[in-house]
C-alpha cells in the first residue's frame, strides 16, 4: 500500500503551459527574484540573458491568446500556471511557487498556528471523502463532536467525493468565527451533519510522558516555531520528575526550521559542530554547540516519513554516539530552502538555495536517507494507528525495541 504524506501544498497546473512558456517564465522569475544571486557570476552577465528566447516572447504569446484564442480563459490562471511551471521545471522536489492565499497558509502552518477547525485529514480512497486522522482538543471540530475515524463527505451540502485535497481545502478555507456544515460518515455507517466554527488553531509540536522505569518519552511532530522551546521544557520537566533515559520520537515529522533544530541539538549535545550548511559556491557555514549537554541514555525513533530536520536530528545524535536509532530508512533530504516574497502578486517562491551535511560531512540525499541502527517496520494496521495517535506504546514494536535498548544501557 502506498502511504505518502503531503510535505507541501499541492502544486497542480491549472493551465497546460507550452514548453516555451515554461522556459521563458523560469528565466523570467529567476531574473526578477535575484539577478546577482548566482555565486561565481559577474553581475553584468545575468543567466537569463544567455537564453535563445527574447523576453518579449511571453508578452507576444499572451497577445496572441488574447486576440485569437476562441475559448474562454483567465489571464491570472495562465500567469499562475506559468509561474508554477517555471519553478517545477527546476526539477527540485523541495522548491515550489505559492499564490498569495497559499503563502498565507504556508506561513500560518510554519508558526504552528492557523485559522481552521482543528483537524488533520488524509484522502480516503474507499469513500472518496477525507478521513479525519487527528482532532486537536478544544477547537471547532472537537467541540462539534468530530472524532478520529470520521469520513468527511460533504461541505455545506456539496459532495467532495473524488475532489483533490487542494480543491477541498479551498472549499474549507474561511475566516475566523465563520461556520461550516460538515457531513461525516461514522464507523457505524451512519451520516451526521455537524456545524463547526472556525478559530485560530494552535498545534503543539511537542508531547511528552513518563513511561515505566522512569523513561522519558518526547514526541516531536515538527520543527516549526515553538518546537525547541517545547522540547527543552518537556525534557527539563521529565528530568525533574526523575527521568533516567529518553525516547525521542520523530516518526512522521516533516522537518521545519533550521533554528529550531539547532537549538535542540545544542541543548542535547556536547561541544562541537551541530549544523553544517553549504551555499552554491561550496562555502561551509558551521553552527557549534556549547559544552552544556544532557548526559542521559537515549533512543531516537524514525520512519520513512521522517523528513529533513527529523532525519538530520537522528543522524547527528547517531554520529555523536549520543543515541541509538530505531525504525525505518528515512527519505534523504539535504537541501535548505529560502522563501522569497514576490511583491507584485503577494505570493512567494520556496527555493532550494543551499544544502547541509552532518558532522561527518555526510549528505543524507546522496546516501538515500538515514539508516537507523535497528531496522524495524510497522504493519499497515499499526502504521494507521500510529498516524491516528492510537497505537498503544506497549504494542508498538519500534518502541519496544527502544525500551529494550535503554534497559541494556
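The values are calculated or read from the model by the stated rules, or taken from the named source; none is laboratory data. Every value quoted in this text rests on a predicted model; they were computed, and no experiment measured them. Using ideal geometry, Cβ is built from the backbone for each residue, glycine included, and neighbour counts are taken over all protein chains shown.
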Counting only residues that are part of a loop (DSSP other than H, G, I, E, B), in contact with a strand residue (DSSP E or B) (Cβ under 6 Å, 6 or more places away or on another chain) and farther than 19 Å from residue 171 by Cα, the range 85-135 contains a total of 3
Cross-chain or 6+ apart pairs with Cβ under 8 Å, the range 162-176 first and farther than 17 Å from residue 140 by Cα, then modelled with pLDDT under 80 and surrounded by 15 or more Cβ atoms within 10 Å (Cβ to Cβ): 166/9
Assess whether residue 274 counts as being modelled with pLDDT of 95 or more, in contact with a helix residue (DSSP H, G or I) (Cβ under 7 Å, 6 or more places away or on another chain) and crowded, with 17+ Cβ neighbours inside 10 Å. yes
Might you check whether a residue that is in contact with a helix residue (DSSP H, G or I) (Cβ under 8 Å, 6 or more places away or on another chain), touching a residue at least 60 places away in the same chain (Cβ under 8 Å) and over 24 Å from residue 216 (Cα atoms) occurs anywhere in the range 321-330? no
Scan the range 224-243 for residues that are surrounded by fewer than 18 Cβ atoms within 10 Å (Cβ to Cβ) and on the phi > 0 side of the Ramachandran plot and report the count. 1
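Of all residues in the range 61-84, how many are farther than 17 Å from residue 100 by Cβ and assigned to a loop (DSSP other than H, G, I, E, B)?
Total meeting the criteria: 5.
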